[in-house]
Structures are given as C-alpha cells and as structure tokens.
Amino acid sequence: MKLTNATEQALAILAILAIQKKEVPVSSETIYTKLSVSQSYVKKLLRKLVVSKIIAGVSGNNGGFFLEKETKDISLLEIVEAIEGPFESFPDVGILQRAFSGFDEYAQNGDNIISAYFSEADRAWEEKLKQISIQEVLEKVFEKEDEIPTKNWNTI
C-alpha cells in the first residue's frame, strides 16, 4: 500500500507545530501557505488530527493550532492512522477464489494463507512506526544542534 500525499502533508503540519514557540498557536492560514495547498484541504487534515487528539486548536484573532501531546508521545503510526485509517496492505477482494473457483477448498485455503502473511507484515510495519516518535525524528533532524530550535511560523 502506498500512503497518500495527505500523510506527508500531515507530517509537515506536525513538524511545523513541533518547532513552533509553545505560547503561540500556528494559524491555519500559515499552515496552508507553508504547505502550498488549499485552505479547505488543510482544514480537513487539521480536523483529522484534532479528532485523533494529536493536535488542538483555539479560535479567535490569535487562534490557531498546537500539539495536544508532547512530541515524545506522538508516534508516526498515530499520524498515519489519523490520516489514512488503519493500515491494511492486502485488499482481499476475492480474486483468488474467483480465479480458482474449481478448487474452492484450495482457493479458500490459499486466500487465508496469503491474507495471514500480509496481516503479519502489516503488524510488523505498524509496530515499527509505533516505536518512532516525532521527538526521535526531530532529534535526528537537528542532531548537530544543542537543542531543537523553535520559531514563530506566523511571522515567517
């Protein structure tokens, strides 16, 4: 399965929010301008991240979005699932059973075996992404710095 562009855009949003000065939320206008995508599309992404309790927002003239959790508590898997839903790489729409309809018992058995292999691989993929936090990514990105820098994206 290939993740959609929305996942990359959500990761960019999280990166922006992660290095934003803590006392200043990032406006949605700043986010969609930085991402160079439509306002309505960014709002959909932001909504998914809010519903998943990864980010939160405040309204008003000085409103915007901020991280709901510490970066060490946000995994890459949480972000993927917030945007894409649960991961399942093998669609299993019954093609194997149709192709081998004269071998019903074997077709079903083969379908079950293949589905199990893909499911096992999916769980391994999920487990790996669950172990990687936004904090870990930021530390690798800024490994030459003494600390992770902060910015006020609203003024850039």
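Filtering segment 130-139 to residues that are of a type in the set (S, T, N, Q), open to solvent by less than 60 Å² (accessible area, probe 1.4 Å) and either in contact with a Pro (Cβ under 7 Å, 6 or more places away or on another chain) or part of a helix (DSSP H, G or I) (or both) leaves only 135. Here 103, 87 are screened, and the one residue that is more than 22 Å from residue 148 (Cβ to Cβ) and in a loop (DSSP other than H, G, I, E, B) is 87. Among the residues of segment 81-113, those identified as open to solvent by 90 Å² or more (accessible area, probe 1.4 Å) and closer than 30 Å to residue 5 by Cβ are 86, 88, 91, 93, 95.
When segment 140-154 is filtered for residues that are assigned to a helix (DSSP H, G or I), in contact with a helix residue (DSSP H, G or I) (Cβ under 9 Å, 6 or more places away or on another chain) and either closer than 26 Å to residue 84 by Cα or open to solvent by 50 Å² or more (accessible area, probe 1.4 Å) (or both), the ones remaining, listed by number, are 141, 154. Scanning segment 1-26 for residues that are within 21 Å of residue 73 (Cβ to Cβ), open to solvent by 40 Å² or more (accessible area, probe 1.4 Å) and under 17 Å from the mean Cα position of the chain (by Cα) gives 11, 15. Among the residues making up segment 50-79, those that are in a loop (DSSP other than H, G, I, E, B), at negative phi and open to solvent by 50 Å² or more (accessible area, probe 1.4 Å) are 59, 61, 62, 68, 69, 70. Between 29, 127, the distinction of being without any contact (Cβ under 8 Å) to a residue 40 or more places away in the chain and more than 19 Å from the chain's Cα centre (by Cα) belongs to 29 only. Within segment 114-129, being surrounded by fewer than 12 Cβ atoms within 10 Å (Cβ to Cβ), more than 12 Å from residue 90 (Cα to Cα) and not charged (D, E, K, R) holds for one residue alone: 124.
Rundown of residues vs (1) free of Cβ contacts under 8 Å to residues at least 40 places away in the same chain; (2) not aromatic (Phe, Trp, Tyr), yes/no style:
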position: 58; (1), (2): yes, yes
position: 63; (1), (2): yes, yes
position: 69; (1), (2): yes, yes
position: 74; (1), (2): no, yes
position: 79; (1), (2): no, yes
position: 90; (1), (2): yes, no
position: 94; (1), (2): yes, yes
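The values are calculated or read from the model by the stated rules, or taken from the named source; none is laboratory data. Nothing here was measured: the structure is a model prediction, and the numbers come from that model. Counting neighbours? That spans all protein chains shown, and the Cβs are built from the backbone with ideal geometry, glycine included. Quick note on the areas: whole protein, heavy atoms, side chains included, nothing else; ligands and nucleic acids left out. Shrake-Rupley method; radii C 1.70, N 1.55, O 1.52, S 1.80 Å.
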